[in-house]
Structures are given as C-alpha cells and as structure tokens.
Amino acid sequence: QVQLVEPGGGLVQAGGSLRLSCAASGRDISSYAMGWFRQALGKDREFVARHMWTSISYYAEYAESVKGRFTISRDNVKNTVYLQMNSLKPEDTAIYYCAAARSGYAFTSPNEYNYWGQGTQVTVSS
C-alpha cells in the first residue's frame, strides 16, 4: 500500500508561483508513474502532468493548459513528487491531487492511477 500526503497549497496572486509536494510512504515510488490532477468547482477531475520512467530516463507530459508554466519532478531520496507552478492564472484555481500508478505506466486518465493524495486547495486571485 502507498500513502500520498500533500502538504502545501494556498492562496497566491495571478502571475505568482507555488510548489506542491506529494510525499509517499509505504513503498518506494521511484518506478511508479506519478501524476498530478486538479478539480475545479463544478468540473471533472482533469489531467495536469505525469512523470514516468522509460528505459533511460524519466518522461514528463503536461496538459496543454499548463505547458510551459508547470513542471513535474521527483526526488527519489525523499520519495516525493513535486509540481512547480509558475505564472499562475485564476483558472488554475482547483483542488490539486497527486496520484501514483504502481504499474509504472499511466497516462492522462484518473482511472489509470491506483493511489491518490488527499488533495490540496490552490486558489489564484486576480
């Protein structure tokens, strides 16, 4: 079993930056595919970013809406995944969830992930 804890979140002004953390326990997640999703009020959970190991390196993919602004990364020593969010916009306001897929392969659907963090609120003001 894997537990994912998301400290952080908060209120920031448009154009600001915030880094979210997702600390895993119970298993080494270095080989897991990791994802970030978000859910705004009244909307479905949507893909934000993913991070997985290939034959030679980690691979990252981003939703078009955050490409160039957000960066997913991980620290295998700390067993933690991060989401660095820059140039934040009001439309980024949502609850952000980290997710893990033990198979090591997962893409953009929430159903592909096995474990989820509790979510953390990110609010971007105008």
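The values are calculated or read from the model by the stated rules, or taken from the named source; none is laboratory data. Please read all numbers here as calculations on a predicted model, not as lab measurements. FYI the Cβ positions are ideal-geometry reconstructions off the backbone, even for glycines, and counts take in every protein chain you see. Heavy atoms of the whole protein, side chains included, go into the accessibility calculation; ligands, DNA and RNA do not. Shrake-Rupley method; radii C 1.70, N 1.55, O 1.52, S 1.80 Å.
Things to note:
- Applying a threshold of 8 Å to beta carbon distances and a minimum spacing of six or more residues, or different chains, the list of pairs starting in region 5-33 at a residue that is under 21 Å from residue 70 (Cα atoms) and ending at one that is exposed (fewer than 14 other Cβ atoms within 10 Å of the Cβ) and among the charged types (D, E, K, R) reads 8/19; 23/78.
- For region 1-22, residues that are crowded, with 18+ Cβ neighbours inside 10 Å and outside any loop (DSSP other than H, G, I, E, B) total 5.
- In region 47-63, the qualifying residues are those that are open to solvent by 80 Å² or more (accessible area, probe 1.4 Å) and assigned to a strand (DSSP E or B), and the one that is modelled with the highest pLDDT is 59.
- Filtering region 1-45 to residues that are among the charged types (D, E, K, R), under 22 Å from residue 60 (Cα atoms) and out of contact with any strand residue (DSSP E or B) (no Cβ under 6 Å at 6 or more places or on another chain) leaves 27, 28.
- Residues in region 86-107 that are touching a residue at least 60 places away in the same chain (Cβ under 8 Å), in a loop (DSSP other than H, G, I, E, B) and open to solvent by less than 60 Å² (accessible area, probe 1.4 Å): 4 in all.
- Residues that are under 14 Å from residue 106 (Cβ atoms), out of contact with any Leu (no Cβ under 7 Å at 6 or more places or on another chain) and open to solvent by less than 40 Å² (accessible area, probe 1.4 Å), drawn from region 23-46: 29, 32, 33, 34, 35, 37
- Scope region 64-85; condition closer than 17 Å to residue 113 by Cα and either free of Cβ contacts under 8 Å to residues at least 40 places away in the same chain or over 15 Å from the mean Cα position of the chain (by Cα) (or both); matching residues: 72
- Residues of region 64-78 satisfying the condition of being open to solvent by less than 60 Å² (accessible area, probe 1.4 Å) and part of a strand (DSSP E or B): 70, 72, 73, 74, 75
- Of everything listed in (1) surrounded by fewer than 21 Cβ atoms within 10 Å (Cβ to Cβ); (2) modelled with pLDDT of 95 or more; (3) touching a Ser or Thr at 6+ places or on another chain (Cβ under 8 Å), the single unmet condition for residue 81 is (1).
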